[in-house]
Amino acid sequence: MTGAPLLHVEHLTMRFGGLVAVDNLSFEAREAAITAVIGPNGAGKTTVFNCLTGFYPPTVGRLTLTRGGEAGFQLERMEGHRIAREAGIARTFQNIRLFPQMSVLENLMVAQHAELMRASVFSVAGLLGLPGYRAAARGAIDRARLWLDRIGLTERADDDAGNLPYGDQRRLEIARAMCARPALLCLDEPAAGLNARETAGLNALLLEIRETERIGILLIEHDMSVVMGISDHIVVLDYGRKIAEGKPAAMRDNPDVIRAYLGQEHGEAPPC
Amino acid sequence: MTTAATDRETPPFAAAAREAALTAAVALALTGPMIGLHAASQATGLVIETRWPEVAIAVALVFLGRFLLALLGRAFVWPVLAAGLAVAGGGLFVPFPNALLKAVCVAGGLIVALRAALMLVRPRMTAAARAKPALAARWVAPAAGAAMTAFALLLPVMPFADRQLLDLATLVVIYILLGWGLNIVVGLAGLLDLGYVAFYAVGAYSFALLAQYFAFSFWEALPLAGLFAAMFGVLLGFPVLRLRGDYLAIVTLGFGEMIRIVLTNWVALTRGPNGISGIPKPSFFGAPFARSPPEGTEAFHQIFDLAFSPMHRVIFLYYVALTLALLANVFILRIRTLPIGRAWEALREDEIACRALGLNPTSIKLSAFSLGAMFGGIAGCVFAARQSFISPESFSFIESAIILAIVVLGGMGSQIGVVCAAVLLIGLPEWFRELQDYRMLAFGGLMVMIMVWRPRGLLSHRDPTVRLPAARETPP
Ligand SMILES: Nc1ncnc2c1ncn2[C@@H]1O[C@H](COP(=O)(O)OP(=O)(O)OP(=O)(O)O)[C@@H](O)[C@H]1O
Ligand SMILES: [Mg+2]
């Protein structure tokens, strides 16, 4: 079911002064697979994302992204915006970061900036309204519509993103990341603050993305119904160190994991 | 200072009176020394005069105003409306020792009446009515824009358009151009630039120096002035655009001052504080506006077989400024809907999210900065042509502050808002020059009033740059 290896994290270490937030972490994420990164608060999960997406330069480590047999991208040497555009890593944030005063549709259009920019040829073709640019703009709107349909927000396309309810904002952020055509989608606690029904919808959306787009998904999540329900592979962090990794079923029985993290919430996990 | 608890115990009039008395006491403490004592120079030297009647009137006005507002808060809407109008009307006819007090009395009465009227109107607006403005704004803005454009185009043929008014209108248009330029930087890209006047100066001096040393005409210098200013924008932008918010504001402020100081001190090139004079006016596609043109050229009035009039030149310059402004407007409205325009706004909203989506913040900021600078440079070129004489004095920090005020008061990102604010801030103070020193006071008061009532600017409504078209039928 899962595809070729996509992301290699090797010996990733991130220090903030004396604090070791991530400590010699190695793992792999595959195409068409959901890889969950879990761990207690402060375990260093978000820091891993920040290293992957170029917000922090890692203290030590190699981060390699390989798309379909191409030469890999060495992420630790790239600037954040190039990682997103060239290597194709899109992410969402633990505290939602939409463009609140722009409309829902505009949010999705900004995600397609690089393509539209190329079509607008330094804005000249755009200013003149040449057919090439107009076609690209139509294509971008169609792609935005596709994702609006998938997250069920087509009706609210022209409303300000900041006026959406919380759950809709979370889904919109995922759709925005997907409009950037990523090879790897990094989701930082997408189910935080969602109710049970919205969480079920999120699971369905992520499974749909995995099946139709066949991209890799890295998922940070505390909600065990999401982690156990949809992930193919789980990496468990504690104090920045990987303490276990494997299939969901194996993780819920792993004594180290239970001790570090699952123990308190084990009861909430659905049977899988 | 009255809490809900005291309200229940004391009758409303007494509570309002007490609140007003308290405010009046503060006013007395302030106005006593500031208005009551006046140092006047007489033959015998400096003496202190007292102006107690003025103090009494000021305190009474404060008491009355606060009293009415307090009553308004206690739902006496109709009596307050009547009283406000009575005070305003009465103020017109009652003799005051001082024109300013009269103005305060009339304006205060009107404001109280206005607030009462607003309270009458507001509750009647249902939710549906409140949702309407968003829909209405879709055609109101273009309609207002068209009306303003028509008025601006017809202004020179209006009966009241004399030379002075047209000259002022040209200045207002220059400031509109500046406002639109800065609007790209501050309103759209969200970069607080306090040194915008630097680009205005670069544009103006580009034209002045090119004209002086290389005999460039207005039309030859215009594109170069825009280009030089844009280049300065890039030059300044590279080092400073990684700074954020306040830091960026401080550095740009410093840059603005630097340009002025260089212009003042580089005497060999710019003649320093003496400025550059004799800057040529734009010609009508080569035909000058002169009574007796130089050998071999035909003047404007000769080509069109008109009697020579110095007004032609003024009108032409107005139209030149207006045309440039309209072109800039079309350009900005259009570029806003392009990916680069949306990227500016996205950057203003959340730079981190932008980076995560593959937008390069530095190049996007740089494009906003240099485009804004370009419009500043073009405005500077027109300004130099209007004045015929420029000196570093015209490009002090206060200019940056005024342009920024135009953008902020107009409503960040709003094109029409900038026009309204420019007319208000540039046009009105010039018109009311007779008010002399009170002019600046009124100017400040106006700004405070706008900030109190419309904290997001006169026109803060934002329309999306793209709307989802109705779904297209997909053939099976
Ligand atoms: N920029 C920073 N500077 C200093 N310390 C940091 C920084 N970012 C993260 N840390 C520290 O690194 C550790 C890991 O933080 P991180 O945000 O990665 O945790 P997390 O696993 O995402 O936790 P949570 O589940 O609460 O989101 C924490 O102790 C945090 O305080
Ligand atoms: Mg986190």
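Quick notes
- Residue, nearest to ligand 1 (Cβ to nearest atom), within the range A:22-55, restricted to residues that are among the aliphatic types (A, V, I, L, M) and either within 14 Å of another protein chain (Cβ to nearest Cβ) or in contact with a Ser or Thr (Cβ under 6 Å, 6 or more places away or on another chain) (or both): A:22
- Counted as qualifying within the range B:349-413 are the helices (runs of 4 or more DSSP H) with 2 or more residues that are more than 13 Å from chain A (Cβ to nearest Cβ) and open to solvent by less than 30 Å² (accessible area, probe 1.4 Å), namely B:361-387, B:397-410.
- When residue A:149 is tested against (1) within 8 Å of another protein chain (Cβ to nearest Cβ); (2) open to solvent by 30 Å² or more (accessible area, probe 1.4 Å), only condition (1) is not met.
- Criterion: open to solvent by 30 Å² or more (accessible area, probe 1.4 Å), under 22 Å from residue B:445 (Cβ atoms), more than 32 Å from the chain's Cα centre (by Cα) and of a type outside the set (Val, Ile, Thr) - qualifying residue of B:70, B:60, B:39: B:60
- Subset of the range A:82-118 (residues that are aliphatic (A, V, I, L, M), open to solvent by 30 Å² or more (accessible area, probe 1.4 Å) and more than 7 Å from every other protein chain (Cβ to nearest Cβ)): A:96
- Among strands (runs of 3 or more DSSP E) entirely within the range A:175-246, having at least 2 residues that are within 16 Å of ligand 2 (Cβ to nearest atom) and within 14 Å of chain B (Cβ to nearest Cβ) singles out A:184-188.
- In the range B:210-238, residue surrounded by the most Cβ atoms within 10 Å (Cβ to Cβ) [restricted to those that are of a type in the set (A, V, I, L, M) and free of Cβ contacts under 8 Å to residues at least 40 places away in the same chain]: B:210
- Only residues that are aliphatic (A, V, I, L, M) and part of a strand (DSSP E or B) were counted in the range B:35-55, giving 6.
- Any chance residue A:58 is within 14 Å of chain B (Cβ to nearest Cβ), touching a residue at least 40 places away in the same chain (Cβ under 8 Å) and open to solvent by 10 Å² or more (accessible area, probe 1.4 Å): no
The values are calculated or read from the model by the stated rules, or taken from the named source; none is laboratory data. Note that the structure is a prediction, hence the values are computed from the model and not measured. We place every Cβ from the backbone using ideal geometry, glycine too, and count neighbours over all the protein chains shown. Accessible surface is based on the protein model in full, side chains and every heavy atom, while ligands, DNA and RNA are left aside. Shrake-Rupley method; radii C 1.70, N 1.55, O 1.52, S 1.80 Å.
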